[in-house]
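Here the structure is laid out as C-alpha cells; the discussion comes afterwards.
The values are calculated or read from the model by the stated rules, or taken from the named source; none is laboratory data. These numbers were taken from a predicted model, which means no experiment stands behind them. Positions of Cβ are backbone-derived with ideal geometry, glycine not excepted, and every protein chain shown enters the neighbour counts.
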Amino acid sequence: MAVTYRFESGIVFIETFGEFSLTELRRTILESFADPSCPDNCFLLIDLSESQGDFIRTKGEAEAMNPFFGSIRDRFNQRIAFVAPQDLQYGLVRMNSVESEHYGFKVEVFRKFADARKWLLMR
C-alpha cells in the first residue's frame, strides 16, 4: 500500500511510499478518522519523505485538496503539518497552503519530521 496511517501522541500520521495518487491519500485519511483507535482532538501529519513521482498531476487536483481538508477540518483541529524534504514537494505544498485558511484550516510544511511534530503539538 502506498499510503498508510498510524496514531501516536494525539497525531494521525499519514505516511506515503513510492508513487501514490491523491485519491489514495484522501481514502487513507478518511479511513484513519473512521478507525475506532483514532484519538479525539487529533492533529494531522502527512509525511511525503518516502514518496516518489508527481503525486499532484494537475492544478485541479491540487485545488481539490483544500475543499477536501476543509470539509473534515474539525477532525484534525484545523491544523495539518506536511513533511516534504524534496524541493518539488515542498514547493507544491507551500503553494497550495496559501489558500488553506480560506477553507478554515492552517497548513505548514517542513523539511524535517521533528519540526512538523513539534509545530503540531505546540498549543
TODO: Assess whether residue 97 counts as being over 12 Å from the mean Cα position of the chain (by Cα) and among the small types (Gly, Ala, Ser).
DONE: no
Open item on the list: Looking at segment 95-111, I want the residues that are free of Cβ contacts under 8 Å to residues at least 60 places away in the same chain and have a partner that is among the polar types (S, T, N, Q) and surrounded by 14 or more Cβ atoms within 10 Å (Cβ to Cβ) with Cβ atoms under 6 Å, at least 6 apart or on another chain. Which pairs are those?
Closed with: 99/66; 100/66; 103/66; 105/78; 107/97; 107/100
Task: Residues (surrounded by fewer than 15 Cβ atoms within 10 Å (Cβ to Cβ) and either modelled with pLDDT of 85 or more or charged (D, E, K, R) (or both)) located in segment 39-60 - done: 39, 40, 41, 50, 54, 57, 59
